[in-house]
Amino acid sequence: MPAYRAPRGTRDLLPADRVALARLERLAADLAARYGYHPIETPLFEQAAVFERGIGAVTDVVEKELFLLAPREEDGERWALRPEPTAGIVRAYVQHGMQTWPQPVKLTMTGQMFRYDRPQAGRYRSFWQFDVEAIGDPGPAVDAEIIELASRFYAATGLVDVTIYLNSIGDAACRPAYVAELAAFYREHVGELPALEKARLERAPLRLLDSKDARVVALNATAPKITERLCDACAAHFASVRAHLDAVGVRYVLNPYLVRGLDYYTRTAFEVYPAGDEGQQSALGGGGRYDGLVELLGGRPTPGIGFGLGLDRILLALDEQAAPPAAEPGPIAVVVGADPAATAERLRIATTLRAAGLVARAELGQRKLGKQLEAAARDRAHFAVIVGDELADGQVQVRDLEAGTQKLVAVDDLVRELERARTSHHHGQAQPS
Ligand code: AMP
């Protein structure tokens, strides 16, 4: 027995494991770039208050799992290893005045997170996450785009069968009344609650909904559902997220008990599990909207949405499945259009292109067509796919941004047309993996 060993709950990634993880990191970076996300790197530790305020004091992650560091020199400051990436990235967004950048600011980071959790299979004290954050866009189209990105990542890793669970957890307008109703419900059943849940009942009744205790899970089946208590604005947002997901062909399962473990979420929340396995240690990833977080960490009120996908668990699931690695992306097209309401069409077309292996992004914001084309040129996109009135006839304008020419192309021929151009121009090809 050697005198020194990797700390409990951590493990060394020996070359074969590190190569497998590197493949996921590369897939994550390529995919995020294809969707217009830029890399960021924040420190592995932050002021503990960033997590305590951001994530919420009454959460497992802060109450039980935060790795607090003993200060050596800087008196009075408390530090903690990051248990998740969002709070640190949002802290950076505020600190560096990213509110003045073009919104949304789309950032991605892949790295290690630390939680002082009880170690077991699939649950480590140090683990890896692929994270994306779109800060400054209230959605709902970007919500669907992010969920679609997540589902495409799983497909790219070679994981064949995952289930996406979706919920809306409301906002400051409708959640308080729901939480009060939920607390009243639990008070009626206080005798059935275990000690931890009883202690949390008055401070954070929502936490009880994602309790893993069997008695609470059973009780929750009869609890009031947030999706039946959403205000009009949240209900409309949720309906539109779902319509956009349908438009891009992402399948999901509604789960009204999904609240996520962290306080900062509003509205859209989602989690991904291997199909048929919803065990506590099997969540492959999750994310959601956090429209209050920027303000909570000292910035101006700014909406945001993101996800964190657990890479260790994807590797474990791939091992079980022995799946082959999947294909790599091709060149760049940007799907643009003058109608600010037509985001679903643009998203759908971009999704079709990406699904065919092309590097494509859709303009989902409200800016004018001219600005969209400028941005496409700045991205050094080869083509702009312009979605307009011709779509009624199944056609779009394809502008070759390098040659300055433009022609009508049937939507059904779009992939073939762009692929043909890619081979003749050798333009914007992705790095082979
Ligand atoms: P969360 O923000 O807690 O939903 O975490 C996002 C994802 O990170 C989860 O769905 C897991 O895949 C992964 N994850 C979270 N905690 C751990 C852990 N202790 N060990 C390994 N993976 C984890």
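The values are calculated or read from the model by the stated rules, or taken from the named source; none is laboratory data. Note that the structure is predicted; figures quoted are calculated from it, not measured. Note that each Cβ is placed from the backbone with ideal geometry, even for glycine, and that neighbours are counted across all protein chains shown.
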Legend entry - Residue satisfying condition, being of a type in the set (Val, Ile, Thr), assigned to a loop (DSSP other than H, G, I, E, B) and modelled with pLDDT under 90, within set Val62, Val58: Val58
Inset, instruction - Filter the range 33-55 down to residues that are more than 16 Å from the ligand (Cβ to nearest atom), among the aliphatic types (A, V, I, L, M) and at pLDDT 95 or above, then give me how many there are. - result: 2
Legend entry - Selection within the range 226-267 - buried (at least 16 other Cβ atoms within 10 Å of the Cβ), of a type outside the set (A, V, I, L, M), out of contact with any Ser or Thr (no Cβ under 8 Å at 6 or more places or on another chain) and not in a loop (DSSP other than H, G, I, E, B): Ser240, Arg242, Thr266
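Yes or no, residue by residue, for (1) buried (at least 19 other Cβ atoms within 10 Å of the Cβ); (2) near the ligand (Cβ under 9 Å from one of its atoms); (3) among the hydrophobic types (A, V, I, L, M, F, W, C); (4) more than 12 Å from the chain's Cα centre (by Cα):
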site	(1), (2), (3), (4)
Met98	yes, no, yes, yes
Pro119	no, yes, no, yes
Arg123	no, yes, no, yes
Ser126	no, yes, no, yes
Ala134	yes, no, yes, no
Pro138	no, no, no, yes
Ala141	yes, no, yes, yes
Ala144	yes, no, yes, no
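Can you find a residue that is within 19 Å of Ile146 (Cβ to Cβ), within 16 Å of the ligand (Cβ to nearest atom), surrounded by 15 or more Cβ atoms within 10 Å (Cβ to Cβ) and not acidic (Asp, Glu) anywhere in the range 2-14?
no
Residue by residue, here is whether (1) farther than 27 Å from Ala87 by Cβ; (2) in contact (Cβ under 8 Å) with a residue 24 or more places away in the chain; (3) touching a helix residue (DSSP H, G or I) at 6+ places or on another chain (Cβ under 7 Å) holds:
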residue	(1), (2), (3)
Asp232	yes, no, no
His237	no, yes, no
Arg242	yes, yes, no
Pro256	no, yes, yes
Val259	no, yes, yes
Tyr264	no, yes, yes
Inset, instruction - Restrict the check to the range 365-374 and report whether at least one residue is part of a strand (DSSP E or B), of a type in the set (A, V, I, L, M) and at pLDDT 90 or above. - result: no
Inset, instruction - Please work out if Ala80 is of a type in the set (A, V, I, L, M), in contact with a strand residue (DSSP E or B) (Cβ under 8 Å, 6 or more places away or on another chain) and either under 19 Å from Leu293 (Cβ atoms) or at pLDDT below 90 (or both). - result: yes
Legend entry - Hits in the range 9-48 - residues which are closer than 26 Å to Val94 by Cα, in a helix (DSSP H, G or I) and more than 17 Å from the chain's Cα centre (by Cα): Ala48
Legend entry - Candidate set: the range 268-323, residues that are of a type outside the set (A, V, I, L, M, F, W, C) and part of a helix (DSSP H, G or I); chosen: the one nearest to Gln112 (Cα to Cα): Asp312
Legend entry - Residues satisfying the stated conditions in the range 287-301, i.e. surrounded by fewer than 24 Cβ atoms within 10 Å (Cβ to Cβ) and either within 16 Å of the ligand (Cβ to nearest atom) or within 17 Å of the chain's Cα centre (by Cα) (or both): Asp291, Gly292
Inset, instruction - Can you tell me which residue among Leu284, Leu258 is of a type in the set (A, V, I, L, M) and modelled with pLDDT of 95 or more? - result: Leu284
Inset, instruction - Name the single residue, out of those in the range 340-355 being out of contact with any strand residue (DSSP E or B) (no Cβ under 7 Å at 6 or more places or on another chain) and of a type in the set (A, V, I, L, M, F, W, C), that is surrounded by the most Cβ atoms within 10 Å (Cβ to Cβ). - result: Ala344
Inset, instruction - Could you figure out which of (1) within 16 Å of the ligand (Cβ to nearest atom); (2) at positive phi isn't true of Gly76? - result: (1)
Inset, instruction - Answer yes or no: is there a residue in the range 209-225 that is assigned to a helix (DSSP H, G or I), polar (S, T, N, Q) and out of contact with any Lys or Arg (no Cβ under 8 Å at 6 or more places or on another chain). - result: yes
